[in-house]
1. Just a yes or no: is a residue in segment 155-171 over 16 Å from the mean Cα position of the chain (by Cα), over 30 Å from Pro39 (Cβ atoms), open to solvent by 50 Å² or more (accessible area, probe 1.4 Å) and of a type in the set (D, E, K, R)?
2. Restricting to segment 67-88, name every residue that is among the small types (Gly, Ala, Ser) and closer than 21 Å to Gln155 by Cα.
3. Got a number for residues in segment 15-42 being open to solvent by 60 Å² or more (accessible area, probe 1.4 Å) and under 30 Å from Asp97 (Cβ atoms)?
4. What's the number of the condition Gln137 fails, among (1) open to solvent by 70 Å² or more (accessible area, probe 1.4 Å); (2) within 27 Å of Leu87 (Cα to Cα)?
5. Give the number of residues within segment 98-122 that are open to solvent by 20 Å² or more (accessible area, probe 1.4 Å) and farther than 24 Å from Leu12 by Cα.
6. Filter segment 46-58 down to the residues that are of a type in the set (Asp, Glu) and either modelled with pLDDT under 85 or surrounded by fewer than 16 Cβ atoms within 10 Å (Cβ to Cβ) (or both) and list them by number.
7. Does Val43 count as modelled with pLDDT under 90 and not in a helix (DSSP H, G or I)?
Amino acid sequence: MFQKLFGKGKRLRYLCQDETRLGLKTETGKLITAFGVKPVAPVLWKRDNFWLYGVVEPLSGWHFCQEYAHLNTEDFQKFIDALSRQLGEDIALIQMDQAGAHVTSELRWPENLIPVCQPAHSPELNPIERVWEFIKQQLTGEVFTTLQQLRDRLQQVLEKITKQQICSLSSYNFILEALFYAASS
């Protein structure tokens, strides 16, 4: 049925999209110390930041990320255009939240991207949230004095993430069951 709708040789993919802000303010975490000893750790409170836009494919572990200065319609348009080119002939359903930048009529969706908005105020339904949490855990306790230092470290983290880790973090049972059911119909 899919080939009748979209054409022979095209794949239908299910992607989960979101953005996260990364900046110079130190990501803090818990520290273990002896009883009565107050933990001491360096913390920087600078507010310089950027946004990481991304998608993950829970079924395969494929992921695509790009950095932008703002979370707005203009940068989101650039991201979906770049994603469209990255996907080539493939068609993608993209689960995302209802942020203003995602639902505005100013967006021009490429033909190979089909947006699917999750219910409002429900980030727990979007598997990429766990990927963002994993990335930020890798940065916990590190102090960056420039955005370039943060970018360099982020690049290291992204290069080390495997497809298996993405699958493990983003493969919610309700999504996998729906995909397998759709594929068998």
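The values are calculated or read from the model by the stated rules, or taken from the named source; none is laboratory data. Owing to the predicted nature of the structure, the values given are computational and were not obtained by experimental measurement. As a convention, Cβ positions derive from the backbone with ideal geometry for all residues, glycine included, and neighbour counts pool all protein chains shown. Please note that ligands, DNA and RNA were not included when accessible areas were found on the heavy atoms of the full protein model with its side chains. Shrake-Rupley method; radii C 1.70, N 1.55, O 1.52, S 1.80 Å.
1. No - not one qualifying residue is present in segment 155-171.
2. Result: Ala69, Ala82.
3. Looking only at that region, the number is 5.
4. Evaluating Gln137 over (1) open to solvent by 70 Å² or more (accessible area, probe 1.4 Å); (2) within 27 Å of Leu87 (Cα to Cα) leaves (2) as the failure.
5. Qualifying residue count for the region: 7.
6. Selection gives Asp48 alone.
7. So Val43 fits the description; yes.
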